[in-house]
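Here the structure comes first, spelled out in structure tokens, and everything after it is commentary.
The values are calculated or read from the model by the stated rules, or taken from the named source; none is laboratory data. Owing to the predicted nature of the structure, the values given are computational and were not obtained by experimental measurement. Because the Cβ atoms are built from the backbone with ideal geometry, glycine has one as well, and the counts that use them run over all protein chains shown. Protein only, heavy atoms only, side chains kept; ligands, DNA and RNA dropped before computing areas. Shrake-Rupley method; radii C 1.70, N 1.55, O 1.52, S 1.80 Å.
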Amino acid sequence: MKPIKRIILFLTLVGGSYVASMAQESQYFLHTVEKGQNLTTISSMYEVPKDDIVRLNPGSNEKIYAGQTLKIPQKKTTQQREAFHTIQAGETLYRLTVTYNLSAKEICDANPGLSADNFRTGQVIRIPSPETAVGTTTPAVAQQQPTTTGPVKPNYKDMHKVKRGETIYSISRQYGITEQELIAANPELKNKGPKRGAFVGIPYPSATAGTAGQPTAQPQQNTSIVQPSNTELFTANKEKVEKYSTIKAAIVLPFTQDKRMVEYYEGLLLAVDSLKRSGVSLDLYVHNSGTDVSSINAILAKPEMKKMDVIFGPLNQQQITPMANFAKKNDIRLVIPFTSKDNEVFNNPMVYQVNTPQSYLYSEVYEHFTRQFPNANVIFLEATPADKDKEEFIKGLKQELTQKGNTVKRLKETASVNELKDALDNGRENVFIPTSGSQTTLTRIVPQLTLLVREGGPASIRLFGYPEWQTYTRDYLDSFFEIDTYFYSSFYTNNLLPAAVSFTNSYHKWYGKEMINTYPRYAMLGFDTGYFFLKGLSRYGTDLENNVSNMKLTPIQTGFNFQRVNNWGGFVNKKVFFVHFTRSYELIKLDFE
């Protein structure tokens, strides 16, 4: 008996350990880091504190990298019981509907970025709570454990694809259930009835089921269920595309507080005029937002605002959240042209962030840099005092260069010509990068680099810098050409190009003044964003989100490459140019497509 007792005890301990392990795993899901993400962006998209992520992933506060898998704690709130789920090998959309007792439409609505094409292992999706998922038939959402595999007990005994002419009555009779049971399992049938090609869940009949002429005994279960494919379910639940007869757009900006906002509006008006002359019907509503939240709330309370197809604005950070919430509630696209630091985009599918968030911008620059200068000898010119704004960029670039095998050297920005010469590698490209984007740093380094180039020799020399250098171009134009200079930017225009000349002439003709000399040019930004979104809405209607990557326009100043940040969030603009001043006195915008 003793050996048997020991075996029983052992199995009990093992079973207890397994249960404890599974209970622990149910508290987190797995996230695969994508290019441009950092702890801040990941924390924002899942709405959990960074410290909680670090606690589950020791060392992640020092460094994370694309392709790394992180454990993310499930959000702990009493008001919302939504969860996140990492798609496992072999899982399908149908299986998720069974696991969570949700309809395919409810899962699709909660994840507008999810499709049959990107439904793959490792993707994270949002599982809506009963309060937000229309038609959910269970009061709680189960938490799927990241390592769980195997069969799942279905809540439906079958899935039925609706054929032409079928009704609630005919389907319920076919499966031996009442009409009420069928509607309870598929609440969307109550108002619209079954739609041809759609899938409806067939519930297990209740023990007391039975209508006149029908037996109360439960019919034999169908053991050979044909599960609908992802393509069938996504196609069946895709919203019908509608075209806009007249596009309704609103601009909400602090016109009286900031002259740049007036110029942005003036540029957008030029875009509206251009589109109207091409036959696009538009109604434009303009509101002066002021700078506080109360003024935004007063604007959003106007009845016509709920009817907008797109809103441009706001400028001030504190006004973004109420406007984003309003846009999400009323299915209105919100184009945020200015700030890059707001986090609404990570959880709001209606938000388009034009100004690229810093982590995504830097990651694009690193990738393009290492492609443009493979195996380069990179020499950082250290600024004194240090430029705090560039610390994260420089740190990340050094890590990327080291990982790719580039040689990395450091000199003070006050280094002499001889010190610069000693750092060169005659067999490679030599790229000098100052650690500050200020005009003071340029004033210090340009004369020395110019002398270095003029002394000749076999070395290939380049200078690489920052978007703000656009404002200094006139003062350093000849030197930029001579030193073979590059800088990165999401906004750039060559004022000598026909499109820029034509826009400048039109602006002067319309408004009788010159544009403010800023970076970026706000009138051009207004034209580019206005034309992009209004043209997109006229071309694709309500299907713009699925076609935003097909918008092949040539903007005057602003690059556009909008991509969703996750399956349930909005879009960020990931477009980056390299502007190159060649020694042949050519000015080239390198467009990385």
Pairs under 6 Å by beta carbon, first residue β-branched (Val, Ile, Thr) in the stretch 27-54, partner assigned to a loop (DSSP other than H, G, I, E, B), six or more apart or different chains?
Thr32/Gly122; Val33/Ile64; Val33/Ala66; Val33/Gln68; Val48/Lys75; Val54/Ser60; Val54/Asn61
Which pairs have Cβ atoms under 7 Å, sit 6 or more apart or on different chains, and link a residue in the stretch 162-173 that is assigned to a loop (DSSP other than H, G, I, E, B) to one that is surrounded by fewer than 17 Cβ atoms within 10 Å (Cβ to Cβ)?
Val162/Lys195; Val162/Arg196; Val162/Gly197; Lys163/Arg196; Arg164/Arg196; Thr167/Gly193
Asp342 fails exactly one of (1) within 23 Å of Ser489 (Cβ to Cβ); (2) touching a strand residue (DSSP E or B) at 6+ places or on another chain (Cβ under 7 Å); (3) open to solvent by 30 Å² or more (accessible area, probe 1.4 Å), namely (3)
Scan (1) modelled with pLDDT under 95; (2) open to solvent by less than 30 Å² (accessible area, probe 1.4 Å) for the single condition Ala89 breaks and write down its number.
(2)
Residue hits (the stretch 274-295; modelled with pLDDT under 95 and of a type in the set (A, V, I, L, M)) are Val293
Residues of the stretch 347-361 being surrounded by fewer than 23 Cβ atoms within 10 Å (Cβ to Cβ) and touching a Pro at 6+ places or on another chain (Cβ under 9 Å), in sequence order, are Asn355
Restricting the stretch 231-269 to residues that are of a type in the set (Gly, Ala, Ser) and not in a loop (DSSP other than H, G, I, E, B), the residue that is surrounded by the fewest Cβ atoms within 10 Å (Cβ to Cβ):
Ala236
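Is it the case that some residue within the stretch 382-404 is assigned to a strand (DSSP E or B) and either open to solvent by less than 50 Å² (accessible area, probe 1.4 Å) or charged (D, E, K, R) (or both)?
Start the filter on the stretch 382-404 by keeping residues that are assigned to a strand (DSSP E or B), which leaves 382.
Next, from what is left, pick out any that are either open to solvent by less than 50 Å² (accessible area, probe 1.4 Å) or charged (D, E, K, R) (or both): 382.
Looking for residues that are assigned to a strand (DSSP E or B) and either open to solvent by less than 50 Å² (accessible area, probe 1.4 Å) or charged (D, E, K, R) (or both), one finds at least one in the stretch 382-404, hence yes.
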